[in-house]
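Just so it is clear, none of the values below were taken in a lab; they were calculated from the coordinates. Just so we're clear, the structure is a prediction, and the values are computed from it rather than from any experiment. Reconstructed Cβ throughout: ideal geometry from the backbone, glycine too, with neighbour counts over all protein chains shown.
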Amino acid sequence: MPHFEFPLALLLLLVIPLLIKWKHFGDKRGKRYINYSSGKLLNISENGLRTFFIKNLFYIKLIPLVLFIIALARPQLLDYYDVENKRGIDILLTMDISGSMASLDFKPKNRLEVAKEVINGFISKRKTDRIGLVAFAGAAVTKCPLTLDYDMLEYFLNMTSLGELEDGTALGMALATSVNRIKHSKSRTKIIILLTDGVNNRGEIDPRDAAQIALNFGIKVYTIGVGKRGKAPFPVKDGFGRETQIMVDVEIDEKVLREIANATGGLYFRATDKDSLDNIFTEINKWEKTEISTKRFYNIKELYSFFLLPGLLIFLVAEFSKRSILRTIP
């Protein structure tokens, strides 16, 4: 793209109309004449090419002035390109797979199936971030370490199911396991997204103590409570092996989840249906963006010589002609 290194020099072009005005003013003051008995003695054609150049020599000499001013502004041709340096963040998804995640308040699917569906959508929106997966119930287990292989991550996520672990809700153990998995990350931003629908009732680690450990390692924790308020339908089998539903109380320790988030600089969310859960992950996606820095490199081609040399040539020719073939009296 065209570019002037010193664009303010182009303001000198405003001198051109002033010079033309001064020329017209000088012409109005009167011309000097030499009387001859006959114009034939001079052998001059009024409409000849020589006469044209003599009459317009002043304007011809303005051309190199314009070219010199443009050259002074230092015109350049820039060929630039940008290089993006993307620095991903590390995200650990910590998902509750206790028995209560089978509740059907997110109809037509249960809580776990909806959570996996929404998390898959979240993963698809990340491009340069390492993401891992921890599942927990009465204990916690790492399903997938931090990775950029999203296909592998989605495989382990989709294969995660109810009943894999002893039932219960070990929030403290889940958070401590997640911290242990991400604490040595060299990423400037480390976050844990903890999703649960219960109350801490298993494990030897208090969730608040685990939150303090996360804070010490500079890890931000987002907590999500999953489930409708009040009661939710839960699938059970009757004495004949037929599946039916009963209504059970939804118990989520929102106070503890909020304390975990606040202690680490994260946020607490409550998801009461699929849409609200989807919106929560969309919101987190907006807050935790990949760091992108851009460097711009230029290839510069100087163009001033294309104006300076023609201007100098025109000026020299005009001055030489003025003193030779275009010479006038006086």
**Message:** Can you compute the FRET efficiency between residue 109 and residue 306 using 1/(1 + (r/R0)^6), with r the Cβ-Cβ distance and R0 = 51 Å? Round to the nearest 0.05.
**Reply:** 0.15
**Complete:** Contact order relative to length for the chain, counting C-alpha pairs under 8 Å separated by 6 or more residues, stands in percent at 23 percent
**Fill in**
the chain -> Rg/Rh from Cα coords, Kirkwood Rh, value 1.53
**Request:** Would you mind checking the tilt of helix 150-159 against the longest principal axis of the Cα atoms of the chain, expressed as 0 to 90 degrees and rounded to 10?
**Result:** 20 degrees
**Request:** Can you tell me how much longer the chain between residue 61 and residue 141 gets when fully stretched, taken as 0.36 nm per residue apart minus their C-alpha distance, in nm with one decimal?
**Result:** 20.2 nm
**Message:** Loop only by DSSP, 16 or fewer other Cβ within 10 Å of the Cβ. Give me the GluC sites (Glu not before Pro) in the stretch 106-192 that pass, ordered by residue number.
**Reply:** 164, 166
**Item:** Order of 62, 157 - criterion: other Cβ atoms within 10 Å of each residue's Cβ, fewest first
**Value:** 62, 157
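With contacts defined as alpha carbon pairs under 8 Å and 6 or more residues apart, what's the relative contact order of the stretch 94-176 in percent?
Computed over the stretch 94-176, the figure is 37 percent.
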**Asked** Any idea what angle helix 111-125 forms with the longest principal axis of the chain, computed on alpha-carbon atoms, 0 to 90 degrees, nearest 10?
**Response** 20 degrees
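What does the charge count near residue 213 come to, summing +1 for each Lys or Arg and -1 for each Asp or Glu among other residues with Cβ under 15 Å from its Cβ? Intermediate results must be reported in sequence, preceding the final value.
On the way: positive: 181, 183, 190, 208, 220; negative: 204, 206, 209, 259.
Value of the local net charge: +1.
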**Prompt:** Counting only DSSP beta bridges with both residues in the stretch 89-289, what percent are antiparallel, rounded to the nearest 5?
**Reply:** 35 percent
**Asked** In straight Cα distance, which lysines are under 28 Å from residue 255, not counting same-chain residues fewer than 8 positions off?
**Response** 107, 109, 116, 143, 183, 190, 220, 228, 231, 274, 286, 289
**Prompt:** With each pseudo-label sitting 7 Å past Cα toward Cβ, what's the residue 3-residue 151 distance in nm, one decimal?
**Reply:** 4.2 nm
**Request:** Could you pull out the trypsin sites (Lys or Arg not before Pro) across the stretch 184-244 that fall in loop regions by DSSP (anything but H, G, I, E, B) with no more than 13 other Cβ atoms inside 10 Å?
**Result:** 186, 188, 229, 242
**Prompt:** What ranking do 90, 278 get, fewest neighbouring Cβ atoms within 10 angstrom at the top?
**Reply:** 278, 90
**Complete:** Along the dipole axis of the chain (charges at Cβ: +1 for Lys and Arg, -1 for Asp and Glu; origin at the Cα centre), the most positive-end residue among 189, 205, 67 is 67
**Prompt:** What is the extension gain from residue 159 to residue 287, computed as 0.36 nm multiplied by their sequence separation minus the C-alpha to C-alpha distance, in nm to one decimal?
**Reply:** 43.2 nm
**Message:** Charges at C-beta only: +1 for Lys and Arg, -1 for Asp and Glu. How large is the resulting dipole of the stretch 89-289 about its Cα centre, in Debye rounded to 20?
**Reply:** 680 debye
**Message:** Residue by residue through the stretch 270-279, what is 3J(HN,Hα) from phi via Karplus (6.51 cos²θ - 1.76 cosθ + 1.60, θ = phi - 60°)? Round to whole Hz and write x for glycine and proline.
**Reply:** 10, 10, 10, 7, 5, 4, 5, 5, 4, 5
**Message:** Can you compute 3J(HN,Hα) from phi for each residue in the stretch 68-78, using the Karplus curve 6.51 cos²θ - 1.76 cosθ + 1.60 with θ = phi - 60°, rounded to whole Hz and x for Gly and Pro?
**Reply:** 5, 5, 5, 5, 5, 6, 6, x, 9, 10, 9
**Request:** Report, in degrees rounded to the nearest 10, the 0 to 90 angle that the Cα long axis of helix 15-28 makes with the longest principal axis of the chain.
**Result:** 20 degrees
**Fill in**
Taking Lys and Arg as +1 and Asp and Glu as -1, residues besides residue 165 with C-beta under 14 Å from its C-beta add up to -2
